[in-house]
Amino acid sequence: MALVTPFNDDSTIDFQGLEKLINFQIEGGVEYLVSLGTTGETATLSQEEKKAVWEFTANVVDKRVPLVAGIGGNSTNNIIRDLQSFSAEGYDAVLSVSPYYNKPNQEGIYLHYKAIAESSPLPVILYNVPGRTGSNISAETTLRLAHDFNNIIGTKEASGNFEQFSFILKDKPENFLLISGDDPVALPMIAMGAAGVISVVANACPAIFSRMIRFCLEERFKEAQPLHLQLVQLIRLLFIDGSPGGVKSALNCLDICSKTVRLPLTGVSEDTFKKIQHEMEKLR
């Protein structure tokens, strides 16, 4: 599950809210957490803030569940420096998003992750999200990385391309993980052979979503389906005005943290917030 970074009304980090959120996730049955992925508004945090969040998160989790750190960007050298200064205590893997904005070709993406794999103190999970990065990690590049580097252990796939998923599943190493990066398609991806999901909606509904995913992993899809359908409207609302504004609104309904996001993001509209409130009440 990809943790949000709670902020106080003045946009400083709300560590009390973060502690409440972490415990809410673990008590809800989430099996691992991602600190400072896209949902954590990582791009708006200073290096000092990132280090503080990582350290605080590891201390609160206290090895109760596996923990993944989001360390990515569009400068390979900067990422390597971040990895070298990263305190891996309490963490089990690194999630690294494909370079954004500069739109490298497939060889550039391969060499980028090669450098990360050779520098990382922890196993690496690729993160393919073309809608945010402007480029796709092809199935061929994913498989090349998976076969060439034993410490590249999986990919978070948010391309929405089921043909690509199929080719990854067909030719991947046995222990390489295909992980859904999109809540709405987690069920069909697991039906195909994906190992799970890194979720946004689970911030607000950890128990329901975790139960649905476990049913899927046990191939109990008839039991998973109604839980999936129960969540689809909320999932849609969480993204309609941008993420993580939507899921922070849902967490606000639970009195876990404020709705505050950092610019250039803005919160959801009043109309969307009322609809999120309504869905959260139904789920309760």
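Each value in this text was obtained by applying a stated rule to the coordinates, not by laboratory testing. Keep in mind it's a predicted model, so treat the numbers as computed, not measured. Methodologically, a virtual Cβ is constructed for each residue, glycine included, from the backbone with ideal geometry; neighbour enumeration extends over all protein chains shown.
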Under the condition of being in a loop (DSSP other than H, G, I, E, B) and either within 26 Å of I79 (Cβ to Cβ) or basic (K, R) (or both), which residue from region 13-57 is farthest from the chain's Cα centre (by Cα)?
-> S46
Residue check: is G72 in a loop (DSSP other than H, G, I, E, B) and touching a helix residue (DSSP H, G or I) at 6+ places or on another chain (Cβ under 6 Å)?
-> no
Exactly one of S159, S87 is polar (S, T, N, Q), surrounded by 18 or more Cβ atoms within 10 Å (Cβ to Cβ) and part of a loop (DSSP other than H, G, I, E, B), and that one is S159
Every listed condition ((1) of a type outside the set (K, R); (2) closer than 24 Å to S98 by Cα; (3) part of a loop (DSSP other than H, G, I, E, B)) holds for D255 save (2)
Which of (1) more than 22 Å from L33 (Cα to Cα); (2) of a type in the set (A, V, I, L, M, F, W, C); (3) in contact (Cβ under 8 Å) with a residue 24 or more places away in the chain is the odd one out, the single condition L229 does not satisfy?
-> (3)
Across region 197-237, what is the total count of residues that are outside any helix (DSSP H, G or I) and either crowded, with 20+ Cβ neighbours inside 10 Å or of a type in the set (V, I, T) (or both)?
-> 6
So is L145 part of a helix (DSSP H, G or I), in contact (Cβ under 8 Å) with a residue 12 or more places away in the chain and crowded, with 22+ Cβ neighbours inside 10 Å or not?
-> yes
From E279, E270, E218, which residue is touching a residue at least 12 places away in the same chain (Cβ under 8 Å) and acidic (D, E)?
-> E279
